[in-house]
1. Taking only pairs six or more apart or across chains, which ones have beta-carbon atoms under 6 Å, a first residue in the range B:118-140 that is away from chain A (no Cβ under 14 Å), and a second residue that is in a loop (DSSP other than H, G, I, E, B)?
2. For the range A:99-114, give me the residue count where each residue is over 22 Å from the mean Cα position of the chain (by Cα) and either surrounded by 24 or more Cβ atoms within 10 Å (Cβ to Cβ) or under 12 Å from residue A:130 (Cα atoms) (or both).
3. Filter the range B:192-205 down to the residues that are at the interface with chain A (Cβ under 10 Å from one of its Cβ atoms) and either modelled with pLDDT under 95 or part of a loop (DSSP other than H, G, I, E, B) (or both), then identify the one that is surrounded by the most Cβ atoms within 10 Å (Cβ to Cβ).
4. Restricting to the range A:270-326, count the residues that are modelled with pLDDT of 95 or more and out of contact with any helix residue (DSSP H, G or I) (no Cβ under 9 Å at 6 or more places or on another chain).
5. Please go through (1) away from chain B (no Cβ under 14 Å); (2) modelled with pLDDT of 95 or more; (3) in a loop (DSSP other than H, G, I, E, B) for residue A:158 and return the number of the only condition it doesn't satisfy.
6. Counting only residues that are farther than 18 Å from residue A:17 by Cβ and assigned to a helix (DSSP H, G or I), which one in the range A:82-93 is farthest from the other protein chains (Cβ to nearest Cβ)?
7. How many residues does the range B:88-103 hold that are closer than 18 Å to residue A:78 by Cα and in contact (Cβ under 8 Å) with a residue 12 or more places away in the chain?
8. Taking into account only those residues within the range A:236-287 that are away from chain B (no Cβ under 14 Å), crowded, with 20+ Cβ neighbours inside 10 Å and touching a residue at least 60 places away in the same chain (Cβ under 8 Å), which is nearest to the chain's Cα centre (by Cα)?
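The values are calculated or read from the model by the stated rules, or taken from the named source; none is laboratory data. The structure presented is a predicted model; accordingly, all values stated were derived computationally and were not measured. Counting neighbours? That spans all protein chains shown, and the Cβs are built from the backbone with ideal geometry, glycine included.
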C-alpha cells in the first residue's frame, strides 16, 4: 500500500493522546489507592488533559487531509453498523469530549464526592469521567486497528496482532509522554510513568516482532492464476491496459526500493523500542529532565516510521493486475 | 432476485479496447461522469476508466499463449467495498444487484478501494470522489430505449461479441447458459466475494485422429480411389 502521511499522523497522534489520558487516569487511581501522592488538579491533570486533547485534535486534523470532501465528513457517522471507519468517526469525538470534561472537572476542582462506596471510596466526577474515558480509549484503539485488520485480503493486516500492536504502541508512547510531561513540569512521577512506558514498550517489542515474523512467513492466498483464472504457474503481464499512471498504480504501491524499505524497518525497530528505553533509563539514572522528553520524541519519530512500514508492507491483491506498463 | 452481470469470453476477446473507449465515451458525459483525464496529451498521462483491457502471456516461449483480459467492476454478490463505506455512498442496488457510488455522499476517503481485491475502483482526482463501473445503469434501466439497446456500452461496442450481458440469477438467460455450458468462472474466488461477472476460459477445439483413420485399414486397394465394382443394372434402370 502507499503510506499516506495523513493516516500515519492520525493513527500515531491519537494513539499518543489515548495513551496519555490512560496514563493520567492511572496516576489518579494510584493516588486514590494512596500508592502515590495526590497531584495538583490544575497543573497536572488539567494541563495533562489539555495536552492529550491537543494530540487528539492534531490527529483528527491530519485525518481531514486524507478526505476528498472534508465538508461531508459528518456523513461518515452513518454506517456504524457495518463500517469500522464509521465507528472510529463516532468514538473519536466522544473520547475527545470525555478527555475535555475530565480535564475540566479536575481544573475546576469538581472533587466533591457524589457518593461514597462502602464508606471508604469517594466517587466524584473526575473518577466517573476517567472510567468512561478509559473504556472509550480502548474501544477507540480497537476501532482504529480494526479498520485495517478487518480487510481480509490484506493478509499482512488481517490478524489480531494489528489490534494488539496499535493498543500497545499507543500505551507505550502515551506513558512515555506522561513521563516527559512530568519531567517538564518537575513532577515526581517520571519514574512511575517511565517504568510503565518501559513495560509497555517491551511487550510491544514482542508483539510487533511477532507480526513482522508472521508477515515474513506469510504465504499469500492470491496468485496470478486465480487473478485471471488461467491455471498455469507462469503468467506474465504484457500490458496493463494503459501507458500512463492511474489511481491503481499510485494508491497501492509504495514506489520505494527494497533497500529503502529495509532501512525504514531498521529505523523503526531501533527508534521505537531500544533507544527510548535507553534514554528513559539514562534520564532516571542521571535525574535529567531533558532525557525523558528526548525519549518520547525519539519514540514518536520511530512510530511514524513504524506506521509507514505497516502500510508499505501490506501487499494488495489488486497489484497483480498492475505489474507491467506495456 | 435479479443480478445483472457481464460474462466475458476470453476465447473470443481480441484485445481491441473498443469496450474501453466506448465505456469512457458513454459514461464521461452520462450519469456516472465525468471521467477526467490529467495530462492526456502530455508527459505522465493519467485518467479515470471504468474498464481496462490487459494482456497476459501464459507459459514460456515457445509454448506461450496470449490472453486479452478485460477487467471492470465484477458487481460482487457479497461486495467487500459496500459494508466498509462509512457514509453509505457505496451501495448495491436491491432490484438488479448493480454496485454503485452516490457521488453526493462520497467523502473521498478511498477506503472502499482498499477493500476491493480486484482494483475495480478508481478515484477521480478532479471531483474528489470514488468512481466505478455502473454497468451503464442509465442505459440498462432506460425504458425509452429499444430493448436491443438496453445493454452496457461495452457490450454493444464489442466487435467479436465477447461480452454477454444478462441476469446471472435467471437460469435460462444467455449469460447463465454460457457460464453453465462453457465453464464460466469467477475471479479470485478465495475471498468469498462471489463476483457476479464471470469469465469464459480459452477453449481449443481438438479432434483426435489415429493413424488407421488416415489410411483406411480395410481398403482392399490400400489406396484411396473409386472401387472397381460395377453394380450392373439395378431395379431403378428398368424402364417400366
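1. Once the first residue is away from chain A (no Cβ under 14 Å) and sits in the range B:118-140, its partners that are in a loop (DSSP other than H, G, I, E, B) give B:134/B:32; B:135/B:98; B:135/B:152; B:136/B:152; B:137/B:98; B:138/B:30; B:138/B:31; B:140/B:150.
2. So the first thing to find is which residues in the range A:99-114 are over 22 Å from the mean Cα position of the chain (by Cα), and the list is A:101, A:104-114.
With the extra rule that they be either surrounded by 24 or more Cβ atoms within 10 Å (Cβ to Cβ) or under 12 Å from residue A:130 (Cα atoms) (or both), the set shrinks to A:101, A:104-106.
Final tally of qualifying residues: 4.
3. Step one: list which residues in the range B:192-205 are at the interface with chain A (Cβ under 10 Å from one of its Cβ atoms), which gives B:192-193, B:198-202.
Checking the rest, the ones that are also either modelled with pLDDT under 95 or part of a loop (DSSP other than H, G, I, E, B) (or both) come to B:192-193, B:201-202.
On the way: B:192: 12, B:193: 23, B:201: 15, B:202: 16.
Among those that are at the interface with chain A (Cβ under 10 Å from one of its Cβ atoms) and either modelled with pLDDT under 95 or part of a loop (DSSP other than H, G, I, E, B) (or both), it is B:193.
4. Of the residues in that region, 0 qualify.
5. For residue A:158, the exception is condition (1).
6. Quick first cut of the range A:82-93, residues farther than 18 Å from residue A:17 by Cβ only: A:82-86.
The next check asks that each one be assigned to a helix (DSSP H, G or I); those that pass are A:84-86.
Values: A:84: 7, A:85: 4, A:86: 4 Å.
The residue in question is A:84.
7. The first filter runs over the range B:88-103 and keeps only residues closer than 18 Å to residue A:78 by Cα, leaving B:88-92, B:100-103.
Within this subset, residues satisfying the condition of being in contact (Cβ under 8 Å) with a residue 12 or more places away in the chain are B:88-90, B:92, B:100-103.
So the answer is 8.
8. Per the criteria, the residue is A:272.
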